[in-house]
1. Sort the stretch 141-195 into rounded, prolate or oblate with this rule: let a ≥ b ≥ c be the square roots of the eigenvalues of the Cα gyration tensor; rounded if a/c is under 1.5, and if a/c is not under 1.5, prolate when a/b is larger than b/c, oblate otherwise.
2. Based on alpha-carbon positions alone, could you give the equivalent ellipsoid semi-axes of the stretch 327-460 from the gyration tensor, as √(5λ), descending, whole Å?
3. With a ≥ b ≥ c taken as the square roots of the eigenvalues of the C-alpha gyration tensor of the stretch 36-154, please select rounded if a/c is under 1.5 and otherwise prolate if a/b is larger than b/c or oblate if it is not?
4. Under 15 Å Cα to Cα from Lys9, which aspartates and glutamates show up? Leave out anything in the same chain fewer than 8 places away.
5. Between the DSSP loop rule and a limit of at most 16 other Cβ atoms within 10 Å, which GluC sites (Glu not before Pro) in the stretch 149-225 are left?
6. Which of Asn206, Asn77, His347 sits closest to the plus end of the dipole of the chain, meaning its Cα is farthest towards the positive end, when Lys and Arg get +1 and Asp and Glu get -1 on the C-beta?
7. Once fully extended, how much extra length lies between Ala46 and Thr112, figured as 0.36 nm per residue of separation less the alpha-carbon to alpha-carbon distance?
8. Answer rounded, prolate or oblate for the stretch 1-41, using the Cα gyration tensor with square roots of eigenvalues a ≥ b ≥ c: rounded when a/c is under 1.5, else prolate when a/b is larger than b/c, else oblate.
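Quick note: the coordinates plus some simple rules give every number you see, no bench work behind them. Since this is a predicted model, take the numbers as computed values, not measurements. Using ideal geometry, Cβ is built from the backbone for each residue, glycine included, and neighbour counts are taken over all protein chains shown.
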Amino acid sequence: MGKREIPYKTYLAENEMPKEWYNVRADMKTDHRSLLNPVTQQPAKAEELEAVFSRECAAQELNDSDAYIEIPDAVRNFYKMYRPSPLVRAYCLEKYLDTPAKIYYKFEGNNTSGSHKLNSAIAQAYYAKEQGLKGLTTETGAGQWGTALAMACGYFGLDLTVYMVRCSYEQKPQRKTLMRTYGAHVIASPSDTTEVGRRILENPANRSGSLGTAISEAVEVAMKSGGERRYSLGSVLNQVVLHQSVIGIESRRAMEKLDEYPDIVIGCAGGGSNLGGLMSEFMRDKLRGNANPYFIAVEPMSCPSLTKGVFAYDYCDTGKVTPLAMMYTLGSSFMPATSHAGGLRYHGMSPIISQLYHDGYLDEARAVNQTDVFDAAVKFARVEGILPAPESAHAIKVAIDEALKCKQSGEEKTILFGLTGTGYFDLYAYEKSLDGTLSDAPPAQDAIEASESKLPKMDF
Ligand SMILES: *Cc1c(COP(=O)(O)O)cnc(C)c1O
C-alpha cells in the first residue's frame, strides 16, 4: 500500500461537530483556587457572580465537576454559520522551511470577527437571552472580541455597549464601524460615562486606556443597570476556556481521521482562551496518563505574564471592581509599552492555564519579540496565503522555531498550532514591520516589580 495522502485541508461534516464542550477542570489534579469576593476575600458564591454574569455563565464559571457540558442547539446552529473550521496541513510552510516536521494548524479566522472569539460570544449571548436580559456590556482591546459579541448580540436582539481601549479606538476606527453595523454602541475608554472612568482619567497618563480599565467601566455599567444587563468577557474566565474547547475537539476529530496525533501543541496566550480551548482536549490525555503531548504557550516579551509574572491573587481589572483570581499576573496596574502592536496585552492569565502551568502540565511558556513575530507573520502570509492576526503570529513564530529544530535533529514531529485569526485590521502594524520601524519594548524589571508590589494584600 502506498503512503497515505494527507489533504491540505480537513473539514469535518456538520454532523461531526461536537455536541458537548469539554471542561478540563473536571480532570485537573489540583483545581485552581476559586474567584474571591474582593471585599470579604471569601470564595465568590454563585449569587454574587450572577450579579455580574448571566446565571448559566456563573454556573459554568464555578463548575469543576462536569467533564462534558451540552452545547445548546441554538449555539450549535450559529456555529454552523462558520464551523467546522478547517484543520490545515501546512505543506507550503514545511516546504519553505525544508523541515521533516509535519505542521498542522486549526484556522479560526473564517468569520467576520476574524477570530476564535465568536465561539464564546455566541454562547454568552445565548444564555443572556435565555434569561430574559435586555443586554450585555463588555470591553474590547484590538477589537475582535467586541466585534464577535456585537455579532452574537445582534443575532439574538440584545443591546450591547462596548468600551474600547482608546488607543485602539483611534488606531482602528473601522473596527468601531464594524461593531456598529451589528448594532453595538461603542465608547472609547477611559470615558466620562462611568465613575471609575472619570477617576482613572484624573491622571492624564491613563488617557490611552487599557483592557483593565475598559473592563472596570463595562462591569460598572452592568452592575448599575438595575438587573437588566450583565457583563461579558472574551477570555481569561473558565466559561470562556470551556466554550473554546470546541477548537480542540474538532482538531482531534480531524487528526483522528488522518491517523495523526500532535507531539507538540502551540498556542498564543493573551488571556489564555484559545490556547486553553485548543489544548484541553489533548490535556485530558495527559492528565489521565494516556498520552504526553508537549504544550507551549507563546506570549509577547512586552506583556510576559507567564514568564515574568507571579502566581498570586489579583484583580482582573485596573479599577479593582472585579473578583480576585488566582493567576499568573504582572499586577493589575501593569501597562505594556505603547509601542507594542501585536495584541495579547492583558496583565493576567486564565486561572486554568495558570494552574496547569504551575503544576507542570502546560510544559513551557515562551516570550517572543514583536519584530520576530511580524517577520514570522509575513513569511507565513507569503507561503500559506492567509494574512495572520499578529496575535496568531506568536504561535506561528514558535511553530517555525520548533520545525527548524526538527530540521536540525532530523525528527519528524507532528506540530499543531492555533491560527486564531486574520490581520486585516492590523495593517498599520504590518506597515511598520515592513518599513523596519517596529521596535521591541520589553518592560524593565523594575516596572514589573513596581506593578507586582501593588498586588492586593491577602488576609490569609
Ligand atoms: C483575542 C485574541 C487572541 C488572544 O486571546 P486568548 O484569550 O489568549 O486566546 C489571540 N488571537 C486572536 C486572533 C484574538 O482575537
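1. Details: a/c = 2.33, a/b = 1.38, b/c = 1.69.
In terms of gyration-tensor shape, oblate.
2. 29, 21, 13
3. Prolate, since a/c reaches 1.5 and a/b exceeds b/c.
4. Those aspartates and glutamates meeting the cut-off are Glu94, Glu108, Glu250, Glu256, Asp259, Glu260, Glu384.
5. Details: sites: Glu170, Glu195, Glu202, Glu217, Glu220; in loops: Glu202.
Taking the stretch 149-225 and a limit of 16 other Cβ atoms within 10 Å, the loop GluC sites (Glu not before Pro) found are Glu202.
6. Result: Asn77.
7. Working: separation 66, 0.36 × 66 = 23.76 nm, distance 3.37 nm.
Full extension from Ala46 to Thr112 adds 20.4 nm.
8. prolate
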